[in-house]
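A short worksheet on the structure shown next.
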Amino acid sequence: MKLVYFAWVKQKVGRGEEAVDLPDGAKTVGDVAAWLKSRGGGYAEAFADLKRVRVAVNQEHSDLSAPVRPGDEIAFFPPVTGG
């Protein structure tokens with residue numbers, strides 16, 4: 001699975017993307033986020049408040065309840081505002 005990080009999520013995690021093998025039981029985006037948080041360090045900081053993180057699965061906006069499958073791309077980014 002490919003994980004992609006943008007803006008301050010990328011800064012806290014320390015990388016823009018990575019390929020990972022998820023642990024058994026990770027069935028939703030929320031499960032992936034919880035697993036990332038458990039990795040500690042910058043991951044724990046980036047995923048401490050999931051209300052501040054938006055997600056896309058395979059380049060389509062989604063939410064934490066979205067199912068994930070091997071080969072998916074999950075992007076994590078902050079809310080975007082415009083003017």
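The values are calculated or read from the model by the stated rules, or taken from the named source; none is laboratory data. The structure displayed is predicted, hence computed values, not measured ones. Surface areas here come from the heavy atoms of the whole protein model, side chains and all, with no ligands, DNA or RNA. Shrake-Rupley method; radii C 1.70, N 1.55, O 1.52, S 1.80 Å.
For P(r) over Cα pairs in 10 Å bins from 0, in percent, the choices are (i) 16, 32, 22, 16, 10, 4, 0; (ii) 18, 59, 21, 2, 0; (iii) 15, 27, 19, 16, 12, 8, 3, 0; which was calculated from the structure?
(ii)
Skipping prolines and chain starts, which residues have an amide H placed within reach, meaning under 5 Å, of the one on Ala66, given they are 5 or more residues away or on another chain?
Amide H to amide H, under 5 Å and 5 or more residues apart or across chains, Ala66 pairs with Val29, Gly30.
Counting DSSP beta bridges with both partners in the chain, what percentage is antiparallel, nearest 5? Each step should come with its number before you reach the end.
Working: 11 of 15 bridges.
Antiparallel: roughly 75 percent of the beta bridges in the chain.
Would you compute, from DSSP H runs of 4+ residues alone, the mean residue ellipticity of the chain at 222 nm, taking -39500 (n - 2.57) per run and dividing by the full residue count, rounded to the nearest 500? Please list the in-between numbers first.
On the way: 3 runs with 23 residues, N = 83.
Computed ellipticity for the chain at 222 nm equals -7500 deg cm²/dmol.
Just Lys51, Lys12, Lys27 to compare: in a GNM of the chain, with alpha carbon springs under 10 Å, which one fluctuates most?
The residue with the greatest mean-square fluctuation here is Lys51.
How do Asp24, Asp63, Asp72 stack up against each other in accessible area, from largest to smallest, with a 1.4 angstrom probe?
Numbers: Asp24 160, Asp63 85, Asp72 10 Å².
My answer, sorted largest first, is Asp24, Asp63, Asp72.
Under a 1.4 angstrom probe, counting protein chains only, how are Arg39, Arg69 ranked by accessible area, largest first? Intermediate results must be reported in sequence, preceding the final value.
Working: Arg39 100, Arg69 135 Å².
In descending accessible area the options line up as Arg69, Arg39.
Given a 1.4 angstrom probe, I'd like the percentage of the accessible area of the stretch 3-79 that is carbon and sulfur, rounded to a whole number. Mind showing how you got there, number by number?
Details: 2130 of 4410 Å².
Carbon and sulfur: 48 percent of the exposed surface of the stretch 3-79.
Hey, in the GNM for the chain with a 10 angstrom Cα cutoff, which one of Gly71, Gly42, Gly25 fluctuates hardest?
Evaluated over the chain, the most mobile residue of the options is Gly25.
Report the relative contact order of the chain, percent, no decimals, based on alpha-carbon pairs under 8 angstrom and at least 6 residues apart.
Numbers: 139 pairs, mean separation 31.9, N = 83.
With pairs under 8 Å counted, the relative contact order is 38 percent.
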